[in-house]
1. List the trypsin sites (Lys or Arg not before Pro) within the stretch 1-64 that DSSP assigns to loop and that have no more than 14 neighbouring Cβ atoms inside 10 Å.
2. For the chain, modelled as a Gaussian network with Cα springs under 10 Å, which listed residue fluctuates most, I46, I58, I31?
3. On each of the three principal axes of the Cα atoms of the chain, give max minus min coordinate, whole Å, ordered largest first.
4. Quickly estimate the mean residue ellipticity at 222 nm for the chain, helices only: each DSSP H run with n ≥ 4 gives -39500 (n - 2.57), and the total goes over all residues, rounded to 500.
5. Run the simple label-point estimate for V8 and S59 please: 7 Å along Cα→C-beta, distance reported in nm.
6. What is the count of Lys pairs in the chain whose alpha carbons sit under 25 Å apart, if the two are 8 or more places apart or on different chains?
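A short reminder: the numbers here are calculations on the coordinates, not readings from a lab. Owing to the predicted nature of the structure, the values given are computational and were not obtained by experimental measurement. With ideal geometry, Cβ positions are generated from the backbone for all residues, glycine too; neighbour counts draw on all protein chains shown.
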Amino acid sequence: MATSKKAVQRYKQKAYDQIQLRVKKGERALISKYAEEHGLSVNAFISGLIYREMGDYISAEVKEQDSETDNT
């Protein structure tokens, strides 16, 4: 059974935050090419960079948020 576009949109709005990123003209294509050469989407590439840079900090924050959600 196919999932409707509206259902997918509702899920994405509930499950994900969006970040808009601005780069200089031409850099988007370079970023996309680099990510593709490494077998990644642009989103996976940029997310990976963020998670690698933030490391334990983001893990601790997510765990804290999860425990707060579990206690409500």
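1. Passing both the DSSP loop test and the Cβ count: R22, K24, K25.
2. Between I46, I58, I31, it is I58 that shows the largest mean-square fluctuation.
3. Between the extreme Cα coordinates on each principal axis of the chain lie 46, 39, 22 Å.
4. Per the formula, -22000 deg cm²/dmol.
5. 3.3 nm
6. 6
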